[in-house]
Amino acid sequence: MQVKLTILQTLAFTTWLINMEFNKIILCTEAPKNTGLAYYYYLAFRDILSDEKVVLIDEGDRRYEASLISRAQRKLNYLRGKSSVEKMNQILESCDESGKNIVILFNTANIRLEEIKKLSEKKYIYLIHLLSDSPYGMYPSRMQLTFQSLPLFHMVCIFAKALVPVLYQMGASRVERVPFGFCKYTHLIAENASEPELPNSVYYFGTWTPVIEDWLVNLKGFDLHIEGGLWKNAKDKDLMTIGTKPNPHTDRNMAAMARKAAVVVNFTRASHGCFHTMKTFELTAAGAAVVSNYSDEQVEFFKPGHAMSYFNTKDEMTACVKSLLEDREKNILLRSCAYQEAMKHSYHERAKEILKLFNPDYEN
């Protein structure tokens, strides 16, 4: 019955959304303030619409590297329903009850099934779930919540083509594919900015996992730099040192660091289907020379050898890096082509794509 009701609600909401007759867009995330996908979309929707029409609900000063006690307290508040109810109330308080509101939850925004159901029942809310992870790469409890809640959303947005039929089969009433992109205010660096300042450096931006460590061991012969969390867990002492030491010759901004580097290595993760990643667009928009494991979805946006250098094996990865270090002309050309291709994929464009899902004739 719930699925049937959701379909009927979707049809009803489409009537007013076709004419863009909504009062507000409320974005809700469990990320800290000024970070993450929801924040990038907030900046984009704000520019396209107005400050008054867009609201972002985040988790303030939350720290990913918080103490065990802080993380346990946060988990307890969620299990008791306290944080979930508070977030739901924030959403409801932000809505215009006399009009229509689009509410987008990013990866359920750490809201429980009970509160998601209550939001879905509000006649003035069109509820969207924007998934930035493959459900099969989530923790079991999050995957279960994701699948259980699918029928409660009027629409689910997913970044990968292959996951669209999966979400339909698991109960979603409407699924749309919206790829990742880059934030103009966070990742974009002018094409005429300075050339690479670290001419032999090879960078990796990402959290430690045993699989990624196993790959990066093969790059220790280069001037390797690692920026990301949990590298204190690396078994290889050299990688642990590289991943935990400060880099005094760079700043903390990933885009600027990627631009300065000679080569940046990126990986699509096996646990998330090896589709494409947020960094697929973030690194190229920064003007980096990107080497990445091959995936059909990345090739959809960046042609092999033209805008990105791809590999399948560890030997191929090493060869790609070496080639771009030794051939400066090839390196610069790859950066330029990737940069030009990336310009079509900002979150401003993605936000317009979402608006066009309701009104195909929408033009900003």
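With (1) buried (at least 19 other Cβ atoms within 10 Å of the Cβ); (2) at pLDDT 95 or above as the list, and THR313 as the residue in question, which single condition is left unmet?
Only one criterion in (1) buried (at least 19 other Cβ atoms within 10 Å of the Cβ); (2) at pLDDT 95 or above is unmet by THR313, namely (1).
Hey, can you tell me all the residues within the range 130-175 that are under 16 Å from the mean Cα position of the chain (by Cα), within 19 Å of CYS28 (Cβ to Cβ) and touching a residue at least 40 places away in the same chain (Cβ under 8 Å)?
LEU130, SER132, ASP133, CYS157, PHE159
Tally up the residues in the range 291-320 that are within 12 Å of ALA342 (Cα to Cα) and either more than 24 Å from the chain's Cα centre (by Cα) or among the aliphatic types (A, V, I, L, M) (or both), please.
2
With respect to LYS123, is the statement that it is modelled with pLDDT under 95, crowded, with 16+ Cβ neighbours inside 10 Å and under 25 Å from GLU353 (Cα atoms) true?
Details: modelled with pLDDT under 95: yes; crowded, with 16+ Cβ neighbours inside 10 Å: no; under 25 Å from GLU353 (Cα atoms): yes.
No.
Are any residues in the range 131-158 of a type in the set (Ser, Thr, Tyr), farther than 21 Å from HIS276 by Cα and modelled with pLDDT of 95 or more, and if so, which ones? Steps first, answer last, please.
Step one: filter the range 131-158 for residues of a type in the set (Ser, Thr, Tyr), giving 132, 134, 136, 139, 141, 146, 149.
Next cut, farther than 21 Å from HIS276 by Cα only: 141, 149.
Matches in the range 131-158: SER149 only.
Could you check ALA162 against (1) loosely packed, with under 13 Cβ neighbours inside 10 Å; (2) among the hydrophobic types (A, V, I, L, M, F, W, C); (3) part of a helix (DSSP H, G or I) and say which number it fails?
That leaves (1) as the condition not met.
Of the conditions (1) at pLDDT 95 or above; (2) under 19 Å from the mean Cα position of the chain (by Cα), LEU216 satisfies every one except a single condition; which number is it?
Among (1) at pLDDT 95 or above; (2) under 19 Å from the mean Cα position of the chain (by Cα), the lone unmet condition for LEU216 is (2).
The values are calculated or read from the model by the stated rules, or taken from the named source; none is laboratory data. This structure is a prediction, so every number in the text was calculated from the model and none was measured. Note that each Cβ is placed from the backbone with ideal geometry, even for glycine, and that neighbours are counted across all protein chains shown.
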